[in-house]
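These notes concern the structure reproduced below.
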Amino acid sequence: MFRSVILAAARSSRVERLVATAPVSRDVVRRFVAGTSTEDALRVTRELADAGLSISLDHLGEDTLAPHQAEATKDEYLRLLKALSEAELTPAAEVSVKLSALGQKFDEKMAAEYANAICAAATEAGTTVTLDMEDHTTTDSTLDILSGLRRDFPTLGAVLQGYLRRTEQDCQELSGPGSRVRLCKGAYKEPETVAYQTRLDVDLSYVRCLNILMSGEGYPMVATHDPRLIAIAEDRAKWFDRSPDTFEFQMLYGVRPEEQRRLAEAGHTVRVYVPYGTEWYGYLMRRLAERPANVTFFARALATKG
Ligand code: FDA
């Protein structure tokens, strides 16, 4: 119920105006977002890399409906990848890309071409790309584009969401040699027809998917902050004899940073997903929806600034 209300607010332009113009939003945003500029992204990337962590940078923006905006997003990724390479922050840092920010909703072919350009720039910069997964209406399109791009860029990462009923099957199909797959629970409000609705069912599905990926021949990227699932992933890695260079953990910037350091110190690769840019609203609302305490934190900050 709580999650539904917050995720509905994520789609409301009235609430967006309210939140985006509240001065205190900036303080809350800073916890989850590196900043608005490429320089902010580079600064935070450097800090994390110095702490022994890997990074995936996300230029914020989604559901783009204007061609010039999609092109600007592609150009920002090209600029970012060049800057990361010049700063010698690759391969520690890769990029995460949302196809909807490249115009997938109105011109799939263009979005695929822009994604191709970003993959080529990443290869030139000595690093990789992961295609984020969005709501279930885009899953088939995103996996189709992924499979086309992987012919030229086999290291292109996929994202699968444990809450979708179809995901076990997708894991089977994407667990071949070298296949990089980020497994997350899923962050969108989805109908019962396509997605498990209870926390228990989502967690059980996540574990079934994890078993498929960990026993497969690909490179699983275990994206969760959930202590139980992290422990299960560590256990499965041992069970399937996986060395630390054959899978990684991933977490979001600002969420459980002490756990990120603990896993890295234990010898695991830990990649922190770092969003930056001015279009932080949808991203922030999904983070608030995940955890009531974040909303309390936000409300308290609003009240204090009064
Ligand atoms: P869950 O939400 O059950 O949280 C477990 C515990 O983690 C909580 O009890 C709390 O301690 C902590 N925690 C979790 N979220 C928190 C938050 N926001 N603030 C503070 N503490 C928090 N989704 C998607 O649909 N498409 C995608 O492409 C991606 N990509 C992606 C990349 C990476 C690196 C991560 C870590 C996550 C994603 N996600 C995503 C988001 C994902 O689907 C999911 O919504 C969140 O990770 C939260 O789920 P958890 O697995 O952490 O479990």
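Has the range 189-211 got at least one residue that is away from the ligand (no atom under 12 Å from the Cβ) and farther than 29 Å from residue 288 by Cβ? Yes, that holds for at least one residue. Residue check: residue 168 meets all listed conditions (1) in a helix (DSSP H, G or I); (2) touching a Lys or Arg at 6+ places or on another chain (Cβ under 7 Å); (3) within 15 Å of the ligand (Cβ to nearest atom); (4) open to solvent by 20 Å² or more (accessible area, probe 1.4 Å) but one, namely (3). The set of residues from the range 114-145 being closer than 20 Å to residue 42 by Cβ and either crowded, with 20+ Cβ neighbours inside 10 Å or within 16 Å of the ligand (Cβ to nearest atom) (or both) comprises 118, 121, 122, 125, 127, 128, 129, 130. Scanning the range 84-108 for residues that are part of a helix (DSSP H, G or I) and either out of contact with any Leu (no Cβ under 9 Å at 6 or more places or on another chain) or surrounded by fewer than 17 Cβ atoms within 10 Å (Cβ to Cβ) (or both) turns up 85, 86, 100, 102. For residue 254, the criteria (1) outside any helix (DSSP H, G or I); (2) among the small types (Gly, Ala, Ser); (3) within 9 Å of the ligand (Cβ to nearest atom); (4) open to solvent by 40 Å² or more (accessible area, probe 1.4 Å) hold in every case but one, which is (4). Considering 265, 248, the condition of being open to solvent by less than 20 Å² (accessible area, probe 1.4 Å), out of contact with any helix residue (DSSP H, G or I) (no Cβ under 6 Å at 6 or more places or on another chain), more than 8 Å from the ligand (Cβ to nearest atom) and modelled with pLDDT of 95 or more is satisfied by 248 alone. Flag not set for residue 111, criterion: closer than 20 Å to residue 10 by Cβ, open to solvent by less than 10 Å² (accessible area, probe 1.4 Å), in a helix (DSSP H, G or I) and of a type outside the set (Phe, Trp, Tyr).
Taking first residues from the range 175-187 that are farther than 17 Å from residue 242 by Cα and partners that are at pLDDT below 95, the Cβ contacts under 8 Å between residues at least 6 apart in sequence or on separate chains come to 187/286; 187/289; 187/290. Of all residues being within 12 Å of the ligand (Cβ to nearest atom) and charged (D, E, K, R) in the range 212-230, which is surrounded by the fewest Cβ atoms within 10 Å (Cβ to Cβ)? Just the residue, please. Filtering the range 212-230 for residues that are within 12 Å of the ligand (Cβ to nearest atom) and charged (D, E, K, R), the one surrounded by the fewest Cβ atoms within 10 Å (Cβ to Cβ) comes out as 228.
So, residue 180, is that one in contact with a strand residue (DSSP E or B) (Cβ under 6 Å, 6 or more places away or on another chain) and under 26 Å from residue 80 (Cβ atoms) or not? Write out each step before concluding.
Numbers: in contact with a strand residue (DSSP E or B) (Cβ under 6 Å, 6 or more places away or on another chain): yes; under 26 Å from residue 80 (Cβ atoms): yes.
In short, yes.
Selection of the range 221-251 for residues being touching a residue at least 12 places away in the same chain (Cβ under 8 Å), out of contact with any Pro (no Cβ under 7 Å at 6 or more places or on another chain) and not in a helix (DSSP H, G or I) yields 221, 222, 223, 224, 225, 226, 240, 242, 248, 249, 250, 251. When the range 231-245 is filtered for residues that are surrounded by fewer than 19 Cβ atoms within 10 Å (Cβ to Cβ), among the small types (Gly, Ala, Ser) and either within 17 Å of residue 272 (Cα to Cα) or within 16 Å of the ligand (Cβ to nearest atom) (or both), only 231 remains.
Among the residues in the range 64-73, are any out of contact with any helix residue (DSSP H, G or I) (no Cβ under 6 Å at 6 or more places or on another chain), among the aliphatic types (A, V, I, L, M), outside any loop (DSSP other than H, G, I, E, B) and open to solvent by 40 Å² or more (accessible area, probe 1.4 Å)? So far as the range 64-73 goes, yes, one or more of its residues are out of contact with any helix residue (DSSP H, G or I) (no Cβ under 6 Å at 6 or more places or on another chain), among the aliphatic types (A, V, I, L, M), outside any loop (DSSP other than H, G, I, E, B) and open to solvent by 40 Å² or more (accessible area, probe 1.4 Å).
Report the residue count in the range 88-113 for those that are in contact with a strand residue (DSSP E or B) (Cβ under 9 Å, 6 or more places away or on another chain) and more than 18 Å from residue 279 (Cβ to Cβ).
Pass one, the range 88-113, residues in contact with a strand residue (DSSP E or B) (Cβ under 9 Å, 6 or more places away or on another chain): 89, 91-99, 101.
Then drop every residue that is not more than 18 Å from residue 279 (Cβ to Cβ), which leaves 89, 91-94.
Final tally of qualifying residues: 5.
The values are calculated or read from the model by the stated rules, or taken from the named source; none is laboratory data. Remember, it's a predicted structure, so these values are computed and weren't measured experimentally. Cβ coordinates were reconstructed from backbone atoms using ideal geometry, including for glycine residues, and neighbour counts include every protein chain displayed. Surface accessibility is based on the protein's heavy atoms, side chains included, excluding ligands, DNA and RNA. Shrake-Rupley method; radii C 1.70, N 1.55, O 1.52, S 1.80 Å.
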